[in-house]
1. Need the failing condition index for Val31 against (1) part of a loop (DSSP other than H, G, I, E, B); (2) more than 29 Å from Leu244 (Cβ to Cβ); (3) not acidic (Asp, Glu), just the number.
2. If you check Tyr231 against the conditions, is it among the hydroxyl-bearing types (Ser, Thr, Tyr), part of a loop (DSSP other than H, G, I, E, B) and either in the same structural domain as Ser154 (by TED's automatic domain parsing) or crowded, with 24+ Cβ neighbours inside 10 Å (or both)?
3. Does Phe63 count as part of a helix (DSSP H, G or I), among the hydrophobic types (A, V, I, L, M, F, W, C) and open to solvent by 50 Å² or more (accessible area, probe 1.4 Å)?
4. I'd like the full set of residues that are assigned to a loop (DSSP other than H, G, I, E, B), charged (D, E, K, R) and buried (at least 18 other Cβ atoms within 10 Å of the Cβ), limited to region 289-316.
5. Of all the residues that make up region 325-381, how many are among the basic types (Lys, Arg) and out of contact with any Pro (no Cβ under 8 Å at 6 or more places or on another chain)?
6. When you look at Ile188, is it near the ligand (Cβ under 9 Å from one of its atoms), of a type in the set (Val, Ile, Thr) and open to solvent by 10 Å² or more (accessible area, probe 1.4 Å), yes or no?
7. Anything in region 71-112 that is over 17 Å from the mean Cα position of the chain (by Cα), small (Gly, Ala, Ser) and under 24 Å from Ser145 (Cα atoms)? List them, or say none.
Amino acid sequence: MTARAAELRDQGADVITLSAGEPDFNTPSAVCEAGIRAIRDGRTKYTPVSGIKQLREAIRKSFERDHGLDYGIDQITVACGAKQVVFNALFASLDAGDEVVIPTPCWVSYPDMVALAGGKPVLVACDESRGFKLRPEALEAAVTSRTKWLMLNSPCNPTGAVYSRSELLAIAAVLRRHAHVYVLSDDIYEKLTYNADFATIAAIEPDLYHRTLTVNGVSKADAMTGWRVGYGAGPLSLIKAMNLIQSQTSSHTSSISQYAAIEALAGGRKHIEQFASAFLRRRDLVVARLNQADGLSCRMPDGAFYAFPSCAGVIGKRTPNGTIIETDTDFAMYLLDHFAVAVVPGSGFMASPYIRISYASSLEDLSRACDRIIAACAVLT
Ligand code: PLP
């Protein structure tokens, strides 16, 4: 989709891209200045594999302040984005054939990373009628003696679903019966929730603290995707194994980015409030407009910056040039080729027929894109 969108743009088309998984805001200037200062001060050498101490201390404080989670700084590791944290954890822990329970729809990288590390992704479909969330009974049915991890992602990419404290407690009750299962709680969208209270499983269930890796970072909340700083906190033995993997791969993320991330975390993060209120306005516009499109239905997401409308109502319909839309990929291609709007088909997130729309764009672009989507749906027969 991205390649096709670029091709069309090169041909002069006014393509509106709603497929990006990153905020459209600039990195806050104080954070940029901290990066520039780090360069000027010569902080351009190797750092410890797990990240510089001041950064891990800032991360430790943020876990304590935000969730009452108590980690020693040796229980914290910093990597090239949350993505590398997840990868290091899987690579450090999976033996061939070990199973990882992944509720779907899910972030596209989880199943591939599990497979790459030699494990077996066990996908558990979570219905839209249940808010796209994992039910305790479904988790119980999926767990076997080979299960090593449960992946939790709240707020979720792509659905925007946010697990409440009581929903997490119900999941924890299942996991208490299966002491061999670890939890990877990917909280990368934590700071972007709208009228929903964020909770994280290691903080609310003391039994699980000792077998949970809590993953977070500055990419999404602080508009720092390109700086590549993510972190994980969890049991010391796991963190040590993850550091070993990292020491033989990337060594560590950029020293400059680490200094910038200290400023982001320790500087009060005032910018997050502005980002979140802009996202809230955009979400409300996009969801309302998408629900006006014939054949689409979109539930209100509680977090992240994605809408995930069902496009079941357009499947089987005919486009003006006579093509039948058979899948969500066909629909996404139709939107791109004929209406110059780039979205991601749900199949990429193990859920069809849906499309994912990122509302990390200006209100003006979102409004124009929704006009086009509504027009595209209206001419289907
Ligand atoms: N986890 C989820 C659910 C994501 O959507 C993403 C990015 O799209 C990441 C992790 C990766 O974040 P980072 O850019 O910090 O590697």
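The values are calculated or read from the model by the stated rules, or taken from the named source; none is laboratory data. Remember, predicted model here, so these are calculated numbers, not experimental data. So basically every Cβ, Gly included, is an ideal-geometry build from the backbone, and we count neighbours across all protein chains shown. Just so you know, the surface numbers come from the protein's heavy atoms only, side chains and all, with ligands and any DNA or RNA stripped out. Shrake-Rupley method; radii C 1.70, N 1.55, O 1.52, S 1.80 Å.
1. With (1) part of a loop (DSSP other than H, G, I, E, B); (2) more than 29 Å from Leu244 (Cβ to Cβ); (3) not acidic (Asp, Glu) applied to Val31, the lone miss is (1).
2. Here the answer is no, as Tyr231 does not meet what is asked.
3. no
4. Passing the criteria: Arg299, Asp302.
5. 2
6. So Ile188 passes the test.
7. Ala92, Ser93, Ala96, Gly97
Condition check ((1) over 20 Å from Val124 (Cα atoms); (2) not in a helix (DSSP H, G or I)) across all residues:
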{"site": "Leu152", "(1), (2)": "no, yes"}
{"site": "Gly160", "(1), (2)": "no, yes"}
{"site": "Tyr163", "(1), (2)": "no, yes"}
{"site": "Glu167", "(1), (2)": "no, no"}
{"site": "Ala173", "(1), (2)": "no, no"}
{"site": "His180", "(1), (2)": "no, yes"}
{"site": "Tyr189", "(1), (2)": "yes, yes"}
